Amino acid sequence: MAPTLLWRRANGGARLDEQSLSLLRGQLGSILLGTVFLFVGLNACVIATVRRRGEFRILERFGWFIGMYGARMLVEEASALGVVPKSGWPAVLIVTVDYLLVVPSLLFWAELGIGNFRRLSQAGALVGAAIGIAGLGVFSTTGSPHTLLAYNHLLAIMLLVVGIVAAVPRLSRKFLVIQSRVLGICMPVIAGVALCVNLAGLLGFRPPPHIEPPAFALFVLSIAYVAAQKIFAKERRLLSIENELEIARQIQASILPTSVPEVRNLRIAASYRPMAV
């Protein structure tokens with residue numbers, strides 16, 4: 001009987017290993033995407049911090065948004081795989097990201113927007129921050145994570161107007177700093193997926209599996225393209241201004257006399273000082 005028992009234990013362990021490997025294979029795509037999102041987000045924040053210029057603020061907000069989403073994906077997969085079975089911090093991080101993810105997203109669109117669209121995005125970010133703080137306060141005191149999350153879903157659904165603005169050239173020219181064909185094509189698709197996911201959360205249903213990460217990856221690629229386009233455009237403009245200033249300096253230097261006149265019994269000295277130092 002001892003060999004039979006050992007065989008059963010070994011066979012049960014083999015089945016358990018196969019189940020674990022099968023589960024890991026199913027989650028491998030989400031793990032890779034989450035790692036990429038987190039890595040890109042951290043690098044964007046680092047670059048924005050190092051450069052410390054106003055035009056890189058859009059990169060910082062993009063980094064916060066994608067980094068928070070990637071961290072949530074990785075923590076969700078770690079919890080599903082039982083990597084941290086006795087810890088409560090994964091649930092805290094997931095709830096925190098669920099409540100606050102809309103804030104950097106709205107701030108990002110505020111950087112891309114102009115006029116009323118910019119002001120509306122900024123106001124939405126303030127509302128989202130207030131909802132997030134209140135929801136996290138309720139979660140910390142009562143332990144209920146979903147008390148105010150419905151309001152967060154409503155705010156996210158209101159964000160879908162971005163897809164309409166980006167897709168319609170007339171609205172895009174009026175309300176966005178950059179008009180991009182990439183955004184015009186991608187944003188309606190992303191908006192449709194976001195509407196499905198947030199409506200499901202609002203109504204208490206689980207959204208279809210594996211629908212949100214690919215849509216978010218498409219969103220990240222399109223937004224990264226637009227952000228890079230804006231930053232590079234400003235860099236080219238600054239470089240052009242520097243070249244023009246250098247040409248102006250050369251012209252001014254060519255006008256100035258190269259030497260002072262020599263007069264007997266008279267010493268002449270000259271100095272050149274720019275108007276702004």
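Read-outs: derived from the displayed coordinates by stated rules, not from any lab. Computed from a predicted structure; not experimentally measured. A quick note on method: Cβ atoms are made from the backbone with ideal geometry, for glycine too, and the neighbour counts reach across all protein chains shown.
Spin-label model, VAL260 to ALA80: label points 7 Å out along the Cα-to-beta-carbon direction sit 8.1 nm apart. Sorted on the mean count of surrounding Cβ atoms within 10 Å across their residues, most packed first, peptides 134-146, 29-41 read 29-41, 134-146.
The H on the amide N of SER180, modeled in the peptide plane, is under 5 Å from the matching H of no residue at least 5 residues off or on a different chain.
Please compute the Kirkwood hydrodynamic radius of the range 155-277 from all pairs of different C-alpha atoms, in Å with one decimal. Could you put the intermediate results ahead of the total?
Working: mean 1/r = 0.0511 Å⁻¹.
Hydrodynamic radius (Kirkwood, Cα only) of the range 155-277 equals 19.6 Å.
Since only ILE157, THR147, SER172 are under comparison, the one whose Cα sits farthest along the positive direction of the charge dipole of the range 116-272, derived from C-beta charges on Lys, Arg, Asp and Glu, is SER172. If R0 is 41 Å, the Cβ-Cβ spacing of LEU154 and GLU242 corresponds to a FRET efficiency of close to 0.30. Rounded, prolate or oblate for the range 27-231? Axes are the square roots of the Cα gyration tensor eigenvalues, ordered a ≥ b ≥ c, and the cut-off for rounded is a/c under 1.5. Prolate shape, in that a/c is at least 1.5 and a/b is the bigger ratio. Peptide packing for 261-271, 242-252, 68-78 was compared via the average number of neighbouring C-beta atoms within 10 Å per residue; ordered from the highest value, the list is 68-78, 242-252, 261-271. To the nearest 0.05, what FRET efficiency results for ARG51 and ALA224 with a Förster distance of 25 Å applied to their C-beta separation? Result of the calculation: an efficiency of 0.90.
Computed from point charges on the beta carbon alone (+1 for Lys and Arg, -1 for Asp and Glu), the dipole magnitude for the range 27-231 about its Cα centre is near 720 Debye. Considering only TRP64, TRP109, VAL97, the residue lying farthest towards the positive end of the dipole of the range 27-231 is TRP109, judged by Cα position with unit charges set on Cβ.
Distance between the 7 Å Cα→Cβ label points at ARG170 and ARG119: 2.3 nm.
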